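Report on the structure given below.
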Amino acid sequence: MKFLSLILAHLLRSKRRTFLTVSSIAIALFLFCTLRTVMTSLDAGIRASDETRLVVRHAASLVFPLPLAYRDRLAQIPGVTRVGYGNWFGGYYQDPKNNFTQFAVDVGSFFDLYPEVLLPAPERAAFEGERTACIAGKALVQKYGWKIGDQIPITGTIFPGTWPLVLRGVFTAATPDADENAIFFHWDFVNESIPEGRRDFVGIYWLKIASASQAAAVSARVDALYENSARPTKTETEKAFQAGFISMMGNVSLLLTILGSAIVFAIMLVTINTMMMAARERTTEIAILKTLGFSDGLVLQLVAAESMIVSLAGGLLGCGVAMFLFRRLDFTAGGMIPNFRMLPETFLFGLALALVMGLLSGAAPAFLAARLQIAGALRKVA
Amino acid sequence: MARIPFIYNVRNLAVRRVSTILTALGIGLVAWVFIFTLALAGGFQSALRTTGSSENAIVIRKGSTTELMSSVSREAAGAVLSQEEVARATDGTPLAASELMVVWNLPRKSGTTTNVVVRGVSPKSLLLRPKMRLVQGRMFRSGLDEVVVGSMVASRFQNCSVGSRLKLAGREWTVVGVLDADGAAYDSEIWGDVELFMPVFDRPVFQSLTLRLRDPSQFPALKKRLEADPRLSVEVKREDEFYAAQSGMMAGLLRALGLFVTSIMSLGAMFGALNTMYAAVASRTKEIGALRAIGFGRGAVLASVLFESVLLALLGGVIGCLLAIPVRTFTTGTMSFATFSELAFRFQVTPGMMLAGLGFSAAMGLIGGFFPARRAATMPIVEALRQA
């Protein structure tokens, strides 16, 4: 520790170079944190899911609906405590670009199944009592500047026409990972308004089970019940269902990892270069230090510590800025990724990476400095 | 005004070998990331762009933004076929195909599952897409439990090679052939007989109708007449525009990601170039003083340092381009928001992207070299010569 001032003096010797190096490391780690946050935010749905909720859908895909008649049978299956259902609506607000999550749900069971949707009691009563009512997440309400009582026309793509919904409540999410960019409205309203031939079909059933340990058994029971019917089912935990969605996005995570590694590697090369230049310019000084009696090991430590400090400073700056932007400012990447939020692990991961970069980039110059021959070094410059 | 010979810069870079290589590699990787993201977005877009033809029109239900959400009844399809703008096949029948489209969840070879587009087609479907060729096996026979698969499906999914049995809608189907559409979206689809698919998939209506126009310039008239007919309730779009529109959101997202990453990252690499060139100038103070003393002007020194920096960056750019060549063999799949199913595509590296990568590198060198060059040019001669 007593050599700290010596190291700092070295770093301040060329302020511009230290500043540029710290900045380039900060930039690399900022990008790293950003890409990792994209990945973890995509997975937010998985973390938000409840292990005691099962999702039942048509075995082929969500595109095919299941009959409403399944509801009563599902309720009788041992282990199931509550049955809810709904349809993915897939419409948009004003412009096809505004396609946030919209669900037509069975209002009677919805709040039992989704306790993380928090709604004040009077608003809930108003929502339940009106056929055309809807509730919207706080984030969405703020984005579009809606007020309670506003008419929110949603244009259907799966269910044609414009649906005149009235905002009766603004919900908040009980956990940060749950999605506030969504609106919910009455399944009954949609069902009554579509042509008779399409009525009484449900996109998804949600089952509440008593404990997570029963998930596999209950799923198997449901699927066995409908296995040989015209509309077989696929039942899985909400977590598995969400994970399936992410897997449909393809190898996004692989692509982001490739990009992230390339960035970190590129900046590491730049840093190694800088550290070597810095050591080379100080050949005389290092020789003098050794003449004064600094051991090879101490010189090695000094040079290595210098690069570690630079890397760590860059890491703190880059990860800190990312943390500030992606947590405090509620940045959503233009609404493309709801819940864009940086996790504390990402911050620590970034700092660890910065330390590794410092270690690797300091290794070569530190080694060269330790092996420096005093006489030769002093003669070269003279 | 005399110019400092270029060979001076080349030799300078060669003398500082390690530093030159490290800086060039750093810049090269930035150029690589730049080309990589362009190739990703370009590949996705080109898969959908090359799918449609401007000679074809597609008819879907009014208000549906995608084929998946659309439905076209047999009656409506019949009415469309009788329009005079529809081209005729050699046997005089309309050159058009009513198709069914569903998505089906299938296991990838990696074990994860994803949705695949399953399309019920009629005999004219292949005629409407002249780029599609049968690369293996044969076409399915009408009325039999046979399907053909796109080349991307064949290579990426389980049970999808010729001869294997594939389970769809509770039945087993034999895969009898592989179709290749040269990178278009059809490569990610499974095709079978529409008349068999309709009862099996329990679908009473078609999803779309694709037709060849007798003359592409007649499209506006046909569109106007069909869309005005209240009994049909359809929308008519040019096929190429229909598919190009599907690529918009995803390609935009990929491009935005690429632009964001590369623009910030280039700043980091530029700082590296700045450091290198500052060091290059500092260690050559005496030399630069000497150059000025024997008559080279400020402009000549400025140009020389800038040139060296750009040369260094271009070296990096070339490395980036060389590293980017193998990228074209990468294949990936991502979800197309329009079909909720996987669209597999090959990364597309074009000479234009490579040139853009080189230009991008040169710009980094130019900006990174400017400040050190200015410092070299404005150095007082006497002091510079006096330096150790």
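Residues in region B:19-44 that are more than 28 Å from residue B:244 (Cβ to Cβ), within 7 Å of chain A (Cβ to nearest Cβ) and of a type in the set (A, V, I, L, M): B:22, B:25, B:29, B:30. Within region A:228-253, the only residue that satisfies the criterion of being at the interface with chain B (Cβ under 8 Å from one of its Cβ atoms), assigned to a helix (DSSP H, G or I) and over 30 Å from residue B:170 (Cβ atoms) is A:252.
Scanning region A:94-113 for residues that are at pLDDT below 90 and in a loop (DSSP other than H, G, I, E, B) yields A:94, A:95, A:96, A:97, A:98, A:99, A:100.
Candidates are the residues of region A:131-167 that are closer than 13 Å to residue A:98 by Cβ and among the aromatic types (Phe, Trp, Tyr); the one that is farthest from the other protein chains (Cβ to nearest Cβ) is A:146. Scanning region B:50-67 for residues that are part of a loop (DSSP other than H, G, I, E, B) and either under 18 Å from residue A:161 (Cβ atoms) or more than 14 Å from chain A (Cβ to nearest Cβ) (or both) gives B:50, B:51, B:52, B:53, B:54, B:55, B:62, B:63, B:64, B:65, B:66.
Only one of the numbered conditions (1) within 20 Å of residue A:55 (Cβ to Cβ); (2) within 31 Å of the chain's Cα centre (by Cα); (3) at pLDDT below 90 is not met by residue A:231, and that is (2). Going through region A:165-211 one residue at a time, which ones are more than 15 Å from residue A:105 (Cβ to Cβ), modelled with pLDDT of 90 or more and part of a strand (DSSP E or B)? Those that are more than 15 Å from residue A:105 (Cβ to Cβ), modelled with pLDDT of 90 or more and part of a strand (DSSP E or B): A:166, A:167, A:170, A:172, A:209. What about residue B:331, is it over 20 Å from residue B:22 (Cβ atoms), buried (at least 17 other Cβ atoms within 10 Å of the Cβ) and not acidic (Asp, Glu)? No.
Name the single residue, out of those in region B:334-365 being surrounded by 19 or more Cβ atoms within 10 Å (Cβ to Cβ) and β-branched (Val, Ile, Thr), that is nearest to the other protein chains (Cβ to nearest Cβ). Per the criteria, the residue is B:334.
The set of residues from region B:146-183 being assigned to a loop (DSSP other than H, G, I, E, B) and under 21 Å from residue A:61 (Cα atoms) comprises B:158, B:159, B:160, B:169, B:170. With respect to (1) assigned to a helix (DSSP H, G or I); (2) touching a helix residue (DSSP H, G or I) at 6+ places or on another chain (Cβ under 6 Å); (3) more than 25 Å from residue B:16 (Cβ to Cβ), the lone exception for residue B:325 is condition (2). The listed residues are B:289, B:320, B:299, and the only one of them that is farther than 30 Å from residue B:246 by Cβ, in contact (Cβ under 8 Å) with a residue 24 or more places away in the chain and within 14 Å of chain A (Cβ to nearest Cβ) turns out to be B:320. Any residue that is over 29 Å from residue B:26 (Cα atoms) and assigned to a loop (DSSP other than H, G, I, E, B) - is there at least one of those in region B:282-295? Yes - at least one qualifying residue is present in region B:282-295.
Scanning region B:70-81 for residues that are within 14 Å of another protein chain (Cβ to nearest Cβ) and surrounded by fewer than 22 Cβ atoms within 10 Å (Cβ to Cβ), we see that the one that is modelled with the lowest pLDDT is B:71. Would a scan of region A:254-264 turn up a residue that is buried (at least 18 other Cβ atoms within 10 Å of the Cβ), more than 8 Å from every other protein chain (Cβ to nearest Cβ) and closer than 30 Å to residue A:51 by Cβ? Scanning region A:254-264, I find at least one residue that is buried (at least 18 other Cβ atoms within 10 Å of the Cβ), more than 8 Å from every other protein chain (Cβ to nearest Cβ) and closer than 30 Å to residue A:51 by Cβ, so the answer is yes.
The values are calculated or read from the model by the stated rules, or taken from the named source; none is laboratory data. All values derive from a computational prediction rather than experimental measurement. Backbone-built Cβ (ideal geometry, glycine too); neighbour counts: all protein chains shown.
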